[in-house]
Amino acid sequence: MPNSNGQIRYAVVGGGWISQGAFMPGVGQTSNSVMTAIVTGDPEKARGLGELYGIKGYDYDEYDALLTSGEIDAVYVATPNFRHREFAEPALKAGIHVLLEKPMAASLADAEAIEAAARASGAKLMVAYRLHCEPGTLAIVEAIRAGEIGTPRFFTATFSQMVKPGNHRALNGYWAGPVPDMGTYPINAVRNFFEAEPIRVMALASRVPERDLGCDDTVSVILTFPEGRSASFTVSYSAESIDRLHVVGSEGIIEAYPAFGFGEGTSIDFRLIGDGETQERKAPVVDHFGGETDYFSDCILNDRQPEPDGEEGVLDMIVLDAIDRSIATGAPQDLAPRSRTRRIDTDQARALPLADVPEFVNTDVPMD
Ligand SMILES: NC(=O)c1ccc[n+]([C@@H]2O[C@H](COP(=O)([O-])OP(=O)(O)OC[C@H]3O[C@@H](n4cnc5c(N)ncnc54)[C@H](OP(=O)(O)O)[C@@H]3O)[C@@H](O)[C@H]2O)c1
């Protein structure tokens, strides 16, 4: 039930960095979405963000009342990973649509429970894979599908940032750490570039002693796919920022840098190298969060299933879970052959201009 302007009404759950720095400003770039509430444990944020966006503040213990209040159609869940299920599952059970930050949850069992709740509900679930609506990423998908690099054979990626000690990302074990937080990007990218699911996983983790973050801060992963394809990536919470990928095919190479980021000046351009020449393929700087929200609201308004649904999220969670076991045992983990029922449709691309970001209310950027 949209509002009288035909807009989907969102409550934001968790007023942290990504909500304040990306999602909340991004909603204003859409014409089909509006915010009506913020759910927060911080009265200062409830007041400050309430005034800034003209929305109502709710505490976490008022969440169930909000779900049945008739004031919202959807929630955007941006709490730490270990508090995703707590807010996603009851919303779906109450018939409220859920845009859920990645990774889906802090265990495979929790992600499967969220997906089951979505299947049983009339409400829709989308995992907030913003790159599924980003024009540069979708141009890479199109180029691979068109055979511009021949058959994709292997993928590599590097993704790192300097996470501040004390942030919840570093203090809550594997499922808050660099693999679920950042490794989800290369896992999701390569699954969609290869249009295949991995069958073997191997990972090694290490800690930079002087950082003493409280988690394995640097992890390298190797994935084997059917038909002799492979992927590898390294993610880190303890190194200078980089986000870069290569897809190497039988007849060409795609290289993107930046590959996973967003914001001011960031466009997912790529270079296509083949036949002895390099082509630069430019992408616009767009509002990733406005774009994914516009797409999700469009799905709700037109009763279409979003593509980055629970199945997509769970397929990534299966890989994340196997990486956890590989780190713990030191042994490769075999995965049963799986397939995805649908893949990215390049019509999902959205090119909304980047929003200005207002000053943060009582929150800090998690990275140095
Ligand atoms: N799509 C992307 O590009 C992207 C980028 C960054 C993060 N994310 C995802 O978004 C989610 C939030 O990340 P973030 O960077 O926004 O984190 P953050 O800055 O730490 O914010 C998380 C917010 O969750 C709330 N919260 C509730 N319980 C909490 C607890 N026990 N400990 C800490 N915070 C708690 C707090 O908001 P209140 O004070 O309002 O209660 C906090 O500010 C994560 O799942 C992350 O993976 C996605």
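Give the residues of region 259-287 that are in a loop (DSSP other than H, G, I, E, B) and surrounded by fewer than 20 Cβ atoms within 10 Å (Cβ to Cβ), sorted by residue number. Within region 259-287, Gly261, Gly263, Glu264, Gly265, Thr266, Ser267, Asp269, Asp275, Gly276, Lys282, Pro284, Val285 qualify. Restricting Ile187, Ile242 to residues that are more than 21 Å from Ala336 (Cα to Cα), among the β-branched types (Val, Ile, Thr) and at pLDDT 95 or above narrows the list to Ile242. Here Gly21, Gly41, Gly15 are screened, and the one residue that is touching a Lys or Arg at 6+ places or on another chain (Cβ under 6 Å), within 18 Å of Asp364 (Cα to Cα), near the ligand (Cβ under 8 Å from one of its atoms) and not assigned by TED's automatic domain parsing to the domain that holds His168 is Gly15.
Scanning region 172-212 for residues that are buried (at least 23 other Cβ atoms within 10 Å of the Cβ) and not in a helix (DSSP H, G or I), we see that the one that is nearest to the chain's Cα centre (by Cα) is Gly177. The set of residues in region 78-116 that are of a type in the set (Val, Ile, Thr) and either away from the ligand (no atom under 11 Å from the Cβ) or crowded, with 24+ Cβ neighbours inside 10 Å (or both) comprises Ile96, Val98, Ile114. Annotation note: of Ile199, Ile268, Ile273, Ile254, the sole residue that is modelled with pLDDT of 95 or more, of a type outside the set (Phe, Trp, Tyr), assigned by TED's automatic domain parsing to the domain that holds Ser326 and closer than 26 Å to Ser19 by Cα is Ile268. Checking each residue in region 43-77 for being in contact with a helix residue (DSSP H, G or I) (Cβ under 7 Å, 6 or more places away or on another chain), of a type in the set (Ser, Thr, Tyr) and either touching a residue at least 60 places away in the same chain (Cβ under 8 Å) or loosely packed, with under 14 Cβ neighbours inside 10 Å (or both) picks out only Tyr76.
In region 346-368, the residues that are under 23 Å from Gly57 (Cα atoms) reach residues that are more than 14 Å from the ligand (Cβ to nearest atom) and part of a loop (DSSP other than H, G, I, E, B) with C-beta atoms within less than 8 angstrom, at least six apart or across chains, in these pairs: Ala355/Gly28; Ala355/Gln29.
The values are calculated or read from the model by the stated rules, or taken from the named source; none is laboratory data. Quick caveat, the model's predicted, so the values are computed rather than measured. Cβ atoms come from the backbone with ideal geometry, glycine included; neighbour counts cover every protein chain shown.
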